[in-house]
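Written out below as structure tokens is the structure these notes cover.
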Amino acid sequence: METTVSSDALITNIAVLTSGGDAPGMNAAIRSVVRSAAFYKIKCFGVFRGYQGMIEGSIKPLGPRSVNSIINKGGTILKSARSDEFRTKEGRKKAFANLQKSNIDAIVVIGGDGSFTGGLIFQQEFGIPVIGIPGTIDNDIFGTSHTLGYDTAMNTVVEAVDKIRDTAISHNRLFFVEVMGRDAGHIALNTGIGAGAEEILIPEANMGLDRLLQSLKRSKKSGKLSSIVMVAEGDKIGKNVFELAEYIEDNLPDYEVRVSVLGHMQRGGAPTCFDRVLASRMGLRAVEELRKGTSGYMIGIGNGKMTLTPLDKAIKGESKIDNELVRVSEIMRL
Ligand code: ATP
């Protein structure tokens, strides 16, 4: 069995960092980058606290044994951060100087579109190759059907809503459940179907208050004693989840209305098997692409296969919701 192969010598030292919001599966991706680098005899460094740590020189070598027992852990052992200083040329200069001290000649950025934007600017300014791995629970990145953490977050939400449903049924209540998704309704749409929600409100479509009210009235009339309405943070009706609930309570007095905002619990927890496998595949491919001389691309997944998308397209492109899922959700609420 192959255990290591010789390095092509183009890339000898790489750095990996996690940036932006944390997501389950980031640790599995770090582990994969570190072990894939070791396989190819490339030295790997971990940058702590994202771009801010790069500016501050918080960079340490990582070997295959530094990433033991992390594949099953949520969060990120490298920590994550948002760095305003990296948005300035001066900040990026400091960051590059720190990479040079360790002779780092390429970086793998695990994060969302903001992190990719920073990485692309950095690559353009200093000529250092950058490969992106999409890590964000919202799944709002073009060029991949799944971002790291999305599958875990959906499973966390479904489990929580199943529990909420138990109390909703016992008290004949209508629950508004707010889930993450400022710009994309992927979590709300999929978990809404998975947890059997009566209505799903997403940023991509403006259902309108009146239609929502009529639909809930119909559902009540049809004999439903409890209901769940999934609301993505960025829903387009223009009211927050508490205002929505108040409006429905005022206009549908038969129901006792409650609100549950799931919040940050959606980001945490052990990654699902899907996210662990995806992270392992993406990390390996990222290292292999750097070795081949690829730069400025994001690793993604489409139809079960690894894909490459230019970072600028991944940043600017829209991750569209699947209209088939919208149709399924509409029919399932009957
Ligand atoms: P999430 O999807 O979880 O929000 P993200 O990667 O989009 O993750 P951001 O906070 O948007 O998170 O970006 C992370 C970091 O990337 C920023 O704190 C900043 O350091 C860097 N960054 C973002 N945009 C730019 C930019 N235009 N120029 C330089 N750096 C940037």
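The values are calculated or read from the model by the stated rules, or taken from the named source; none is laboratory data. All figures in this text were calculated on a predicted structure; none of them were measured in a lab. Cβ: placed from backbone, ideal geometry, glycine included. Neighbour counts: every protein chain shown. With ligands, DNA and RNA removed, areas are computed over all heavy atoms of the protein, side chains included. Shrake-Rupley method; radii C 1.70, N 1.55, O 1.52, S 1.80 Å.
Structural remarks
- Restricting attention to region 267-286, the residues being buried (at least 23 other Cβ atoms within 10 Å of the Cβ) and in contact with a Gly (Cβ under 9 Å, 6 or more places away or on another chain) number 7.
- Filtered residues of region 101-134 (kept if free of Cβ contacts under 8 Å to residues at least 12 places away in the same chain and within 14 Å of the ligand (Cβ to nearest atom)): 124
- Residue, most open to solvent (accessible area, probe 1.4 Å), within region 43-55, restricted to residues that are in contact with a helix residue (DSSP H, G or I) (Cβ under 8 Å, 6 or more places away or on another chain) and within 16 Å of the ligand (Cβ to nearest atom): 49
- Being more than 29 Å from residue 284 (Cα to Cα), within 16 Å of the ligand (Cβ to nearest atom) and touching a helix residue (DSSP H, G or I) at 6+ places or on another chain (Cβ under 7 Å) is not true of residue 158.
- Considering region 137-154, and only residues there that are touching a strand residue (DSSP E or B) at 6+ places or on another chain (Cβ under 7 Å) and either of a type in the set (Asp, Glu) or open to solvent by less than 20 Å² (accessible area, probe 1.4 Å) (or both), the residue that is farthest from the ligand (Cβ to nearest atom) turns out to be 144.
- Of the residues making up region 113-129, just one is surrounded by fewer than 24 Cβ atoms within 10 Å (Cβ to Cβ) and under 18 Å from residue 283 (Cβ atoms), namely 129.
- The set of residues in region 6-28 that are modelled with pLDDT of 95 or more, within 16 Å of the ligand (Cβ to nearest atom) and open to solvent by 10 Å² or more (accessible area, probe 1.4 Å) contains only 22.
- Any chance residue 231 is under 24 Å from residue 159 (Cβ atoms) and outside any strand (DSSP E or B): no
- When residue 87 is tested against (1) within 14 Å of the ligand (Cβ to nearest atom); (2) open to solvent by 50 Å² or more (accessible area, probe 1.4 Å); (3) basic (Lys, Arg); (4) more than 30 Å from residue 233 (Cα to Cα), exactly one condition is not met: (4).
- The residue of region 68-84 that is nearest to residue 120 (Cα to Cα), among those that are of a type outside the set (Lys, Arg) and open to solvent by 50 Å² or more (accessible area, probe 1.4 Å), is 84.
- Restricted to region 168-194, and to residues there that are open to solvent by 10 Å² or more (accessible area, probe 1.4 Å) and in contact with a helix residue (DSSP H, G or I) (Cβ under 8 Å, 6 or more places away or on another chain), the residue that is farthest from residue 240 (Cα to Cα) is 194.
- From the list 126, 142, 116, the lone residue that is farther than 19 Å from residue 308 by Cβ, assigned by TED's automatic domain parsing to the domain that holds residue 290 and of a type outside the set (Val, Ile, Thr) is 126.
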